[in-house]
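The values are calculated or read from the model by the stated rules, or taken from the named source; none is laboratory data. For clarity, every value in this text was computed on a predicted model and none was experimentally measured. Positions of Cβ are backbone-derived with ideal geometry, glycine not excepted, and every protein chain shown enters the neighbour counts.
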Amino acid sequence: MTLPPPLTRASAPGWWRRHWRWAMPLAMVVALLALAALVWLVLLQWSRWTRSSEPYQEAMRRARCSIELVAVLGEPIQDGFLPTGSVQRNANGSGASELVISLTGPRGRAEMYLEAHREHGVWDYPLLYAITRTEAAIDLTALDDAEAARECALQECREQGHCPLPGGRWGR
């Protein structure tokens, strides 16, 4: 009596062959989420870097010190999350900045437009204005940038008792 040949066992299908129907869509979703997280981190870093730049800080200081802009938007004036534009600094002390900054206050919104140039380590702001939702342009440039950096017109107006204090109260 002869024995029949041994039965060949079909090898069991591998993990991928058994689970590809749910693993492939899951891999795609994970890849898309990773890409979205990377884009978010890049935008967040750009926002932080731009907000910490000297032109941005000076523009926000002037906006918060502007009697006209505070009268339209109210206090406090907040900046938007993501400014658009560019900030360039060179090793020789020169640079340029062009930004559009969203502003919001309790009574309205505005867009602030900034153009600044840096030569010999000093920033000059030839173009700095805000346009409110009522299409009124409020000029935030100063005749002398060095003088504007030391003064706050709104604070001086409040000290003299001509402008309301935060919260709407008048006087000192």
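Structure above, values below:
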quantity: Enumeration of residues in the stretch 92-116 that are in a loop (DSSP other than H, G, I, E, B) and not basic (Lys, Arg); calculated: 92, 93, 94, 106
quantity: Complete set of residues in the stretch 99-109 that are surrounded by 12 or more Cβ atoms within 10 Å (Cβ to Cβ), closer than 14 Å to residue 74 by Cβ and not hydrophobic (A, V, I, L, M, F, W, C); calculated: 104, 105, 107, 108, 109
quantity: Among residues of the stretch 12-51, those that are under 14 Å from the mean Cα position of the chain (by Cα) and either surrounded by 11 or more Cβ atoms within 10 Å (Cβ to Cβ) or in the same structural domain as residue 89 (by TED's automatic domain parsing) (or both), counted; calculated: 7
quantity: Odd one out for residue 132 among (1) in contact with a helix residue (DSSP H, G or I) (Cβ under 6 Å, 6 or more places away or on another chain); (2) farther than 27 Å from residue 163 by Cβ; calculated: (2)
quantity: Any hit, the stretch 110-128, residues being small (Gly, Ala, Ser) and crowded, with 19+ Cβ neighbours inside 10 Å; calculated: yes
quantity: Residue match in the stretch 38-51 (condition: more than 18 Å from residue 153 (Cα to Cα), assigned to a loop (DSSP other than H, G, I, E, B) and modelled with pLDDT of 90 or more); calculated: no
quantity: Where residue 86 falls short, out of the listed (1) in contact with an Asp or Glu (Cβ under 9 Å, 6 or more places away or on another chain); (2) surrounded by 15 or more Cβ atoms within 10 Å (Cβ to Cβ); calculated: (2)
quantity: Subset of the stretch 98-111 [closer than 16 Å to residue 61 by Cα and touching a residue at least 24 places away in the same chain (Cβ under 8 Å)]; calculated: 99, 101, 103, 104, 105, 110
quantity: The stretch 135-157 - residue that is at pLDDT 75 or above and in contact with a strand residue (DSSP E or B) (Cβ under 8 Å, 6 or more places away or on another chain) and, of those, farthest from residue 102 (Cα to Cα); calculated: 141
quantity: Qualifying residue in the stretch 72-87 (condition: assigned to a helix (DSSP H, G or I), under 30 Å from residue 161 (Cβ atoms) and assigned by TED's automatic domain parsing to the domain that holds residue 117); calculated: yes
